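Participant: First the structure, which I've put down as C-alpha cells, then a few questions once you've had a look.
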Amino acid sequence: MRKLTLQTIKTNFNFPPYHTNAYLFELNEGVFLFDTGIKDIETIETLKEAIKKKGKIDGIILSHGHLDHAGCASILSEHYNIPIYVSMDEKDRISYNFDERLKTRIEKIRKTFEFLGINKKSFEILEERTNYYKNLFKPIEFCFNVEKIRLSDIEVLKLPGHTTGSIGLYFKENKLLLSGDALLEEGISPFFDPELLIDSLALYLQTLMKLKSIELKAVLPGHGNKITNPQKIINDHIKYINKNQKKIRRLLKQNYKIPDILEIVFPKNQNQIIILSEIIHCLESLKIPILQNLKDLL
C-alpha cells in the first residue's frame, strides 16, 4: 500500500470563519482534493498551485455542500475534467437553482424568527450575510455519489448534523479523520435547516457518539488546526450541549419566552442557525411539536 501523503491547504476570506481547510491527498487510486473553499480568484489560484506542485488531480470529494467548502468545486472540476463526489443528501443544496433556493431559505428563516419572536435585527444580519454569500458559489450540475467511491484504507463516514449529508473520510491505518464541519475544535456545528425541518442537534449528537466509538488519533477539521485530542473535544461538545439543554429546559418550565432565553443562555456572537437547532431540540424533547408547527407555517 502506498504511504499516505496529505497536504493541508488553507484558503482565506474576509468573513467568519475566515478560512477553510482543503486537503490534498494521494492514494493508490490517485490524487484527491477534499473540500475546496469559496468561489474567488485567490482561492482558485491557491488550489491550482498546490495541484500543479502535486502533478495531477483525479477527483474532488466534498464533506458537504456549504459554499465555504464547495464554492469553487465546479470550476476546478471543469478545468481539470475530474469528477466531484458528494453525498446525495447534499445534491439539492449544490444544484443549479442555488439562487432560488437561497431566496426561499431566507424567507423561511425570516418566518421562523418571527414565529419564535426573535428580534428583527438578528434576521437582517443573517439576510445581509446570505445575500453576500450567493456570489461565492458556482452550482454543481453533475456529481457522483460519495458512498459508492472505493479508496484503499478509507471509510466514508456519514456524519449528519451540520448538514444531513455531511461526511468524513476515515483513514483506517492512520486512525485519522478528515471531518469537514462535523467536528470542529471551537464550538458545535448543527445547523437548523428551514427546508428539511428536522432535529439537526439530535443528528449531531448521534454523530458525536459515532465518533466517540471510533479509534481516532487525530482529526483534520474543515476550519482551525489539527485536533490531536479528539475524544476530549467530543466529550466537551457533549457536555456543552447537555449543559445548555438543561438551562433552556429550566427556563421554558419557568415560562420564559424564546427571546429571553436567547439573551440568557447564548453569547451575542454565536451563530443564530446553531442556536435555533439547540432551541428546537429542547422543545422537541419536551414534546412541544415545534417542528410540526413550523411545517404548518412554512
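The values are calculated or read from the model by the stated rules, or taken from the named source; none is laboratory data. Keep in mind the model is a prediction, meaning the values are calculated, not measured. Cβ: placed from backbone, ideal geometry, glycine included. Neighbour counts: every protein chain shown.
Participant: How about region 115-143: which of its residues are of a type in the set (Gly, Ala, Ser) and surrounded by 12 or more Cβ atoms within 10 Å (Cβ to Cβ)?
Facilitator: Step one: filter region 115-143 for residues of a type in the set (Gly, Ala, Ser), giving 117, 122.
If the condition is that a residue be of a type in the set (Gly, Ala, Ser) and surrounded by 12 or more Cβ atoms within 10 Å (Cβ to Cβ), then 122 is the only one that fits.
Participant: Something else: Only one of 198, 233, 238 is within 30 Å of residue 98 (Cβ to Cβ), among the aliphatic types (A, V, I, L, M) and not in a strand (DSSP E or B); which?
Facilitator: Working: 233 fails: within 30 Å of residue 98 (Cβ to Cβ); 238 fails: within 30 Å of residue 98 (Cβ to Cβ).
Of 198, 233, 238, the one residue that is within 30 Å of residue 98 (Cβ to Cβ), among the aliphatic types (A, V, I, L, M) and not in a strand (DSSP E or B) is 198.
Participant: Keeping to region 277-298, report how many residues are out of contact with any Ser or Thr (no Cβ under 7 Å at 6 or more places or on another chain), assigned to a helix (DSSP H, G or I) and within 14 Å of residue 201 (Cβ to Cβ).
Facilitator: As a first pass, look at region 277-298 and keep what is out of contact with any Ser or Thr (no Cβ under 7 Å at 6 or more places or on another chain): 278-293, 295-298.
Narrowing the set further to residues that are assigned to a helix (DSSP H, G or I) leaves 278-285, 290-293, 295-297.
Imposing the further condition that a residue be within 14 Å of residue 201 (Cβ to Cβ) reduces the set to 278-285, 290-291.
Total satisfying the criteria: 10.
Participant: Starting from region 129-157, keep only residues that are aliphatic (A, V, I, L, M), then list their pairs with residues that are outside any helix (DSSP H, G or I) and surrounded by fewer than 17 Cβ atoms within 10 Å (Cβ to Cβ) whose Cβ atoms are within a distance under 6 Å, requiring at least 6 positions of separation or different chains.
Facilitator: Hits for this filter: 151/29.
Participant: Is it the case that residue 166 is surrounded by fewer than 21 Cβ atoms within 10 Å (Cβ to Cβ), closer than 27 Å to residue 220 by Cα and either of a type in the set (Gly, Ala, Ser) or free of Cβ contacts under 8 Å to residues at least 12 places away in the same chain (or both)? Show your work before the answer.
Facilitator: Values: surrounded by fewer than 21 Cβ atoms within 10 Å (Cβ to Cβ): no; closer than 27 Å to residue 220 by Cα: yes; either of a type in the set (Gly, Ala, Ser) or free of Cβ contacts under 8 Å to residues at least 12 places away in the same chain (or both): yes.
Here the answer is no, as residue 166 does not meet what is asked.
Participant: Which of the residues that make up region 103-146 are in a helix (DSSP H, G or I) and in contact with a Ser or Thr (Cβ under 6 Å, 6 or more places away or on another chain)? Break it down stepwise before answering.
Facilitator: Our first condition is that a residue be in a helix (DSSP H, G or I); within region 103-146, this holds for 103-116, 120-136, 146.
Listed by number, the residues that qualify are 106, 146.
Participant: Does residue 144 satisfy being modelled with pLDDT of 90 or more and either out of contact with any Phe, Trp or Tyr (no Cβ under 8 Å at 6 or more places or on another chain) or acidic (Asp, Glu) (or both)? Working first, answer last.
Facilitator: On the way: modelled with pLDDT of 90 or more: yes; either out of contact with any Phe, Trp or Tyr (no Cβ under 8 Å at 6 or more places or on another chain) or acidic (Asp, Glu) (or both): no.
No: the conditions fail for residue 144.
Participant: Which count do you get for residues in region 165-181 that are farther than 15 Å from residue 70 by Cβ and part of a loop (DSSP other than H, G, I, E, B)?
Facilitator: Looking only at that region, the number is 4.
Participant: Please work out which residue is surrounded by the most Cβ atoms within 10 Å (Cβ to Cβ), limiting yourself to region 1-36 and to residues that are assigned to a loop (DSSP other than H, G, I, E, B) and among the hydroxyl-bearing types (Ser, Thr, Tyr). Please lay out each step first, then the result.
Facilitator: To start, the set of residues in region 1-36 that are assigned to a loop (DSSP other than H, G, I, E, B) comprises 1-4, 13-18, 28-29, 35-36.
Next, from what is left, pick out any that are among the hydroxyl-bearing types (Ser, Thr, Tyr): 18, 36.
On the way: 18: 11, 36: 28.
The residue in question is 36.
Participant: Does residue 219 satisfy the condition of being touching a residue at least 12 places away in the same chain (Cβ under 8 Å), under 25 Å from residue 25 (Cα atoms) and not acidic (Asp, Glu)? Don't jump to the end; show me each part of the working.
Facilitator: Numbers: touching a residue at least 12 places away in the same chain (Cβ under 8 Å): yes; under 25 Å from residue 25 (Cα atoms): yes; not acidic (Asp, Glu): yes.
Yes; evaluated as a whole, the condition is true for this residue.
Participant: Something else now. Can you tell me which residue among 53, 39 is out of contact with any strand residue (DSSP E or B) (no Cβ under 7 Å at 6 or more places or on another chain), touching a residue at least 60 places away in the same chain (Cβ under 8 Å), surrounded by fewer than 23 Cβ atoms within 10 Å (Cβ to Cβ) and not in a strand (DSSP E or B)? If you could, list the steps in order and put the result at the bottom.
Facilitator: Working: 53 fails: touching a residue at least 60 places away in the same chain (Cβ under 8 Å).
Going through 53, 39 in turn, the sole match is 39.
Participant: A follow-up question, please. Of all residues in region 169-186 being in contact with a His (Cβ under 7 Å, 6 or more places away or on another chain) and in contact (Cβ under 8 Å) with a residue 60 or more places away in the chain, which is surrounded by the fewest Cβ atoms within 10 Å (Cβ to Cβ)? Spell out the reasoning first.
Facilitator: We begin by selecting, within region 169-186, every residue in contact with a His (Cβ under 7 Å, 6 or more places away or on another chain); these are 180-182, 184.
Within this subset, residues satisfying the condition of being in contact (Cβ under 8 Å) with a residue 60 or more places away in the chain are 180-182.
Values: 180: 30, 181: 25, 182: 29.
Among those that are in contact with a His (Cβ under 7 Å, 6 or more places away or on another chain) and in contact (Cβ under 8 Å) with a residue 60 or more places away in the chain, it is 181.
Participant: Sticking with this one: Residues in region 205-223 that are surrounded by fewer than 16 Cβ atoms within 10 Å (Cβ to Cβ) and small (Gly, Ala, Ser): how many? Show your work before the answer.
Facilitator: Step one: filter region 205-223 for residues surrounded by fewer than 16 Cβ atoms within 10 Å (Cβ to Cβ), giving 206, 209, 212-213, 215, 217-218.
If we keep only those that are small (Gly, Ala, Ser) too, we end up with 213, 218.
Final tally of qualifying residues: 2.
Participant: Please state which one of 64, 79, 69, 162 is part of a helix (DSSP H, G or I) and either of a type in the set (Phe, Trp, Tyr) or under 17 Å from the mean Cα position of the chain (by Cα) (or both).
Facilitator: On the way: 64 fails: part of a helix (DSSP H, G or I); 79 fails: either of a type in the set (Phe, Trp, Tyr) or under 17 Å from the mean Cα position of the chain (by Cα) (or both); 162 fails: part of a helix (DSSP H, G or I).
After applying the criteria, what remains is 69.
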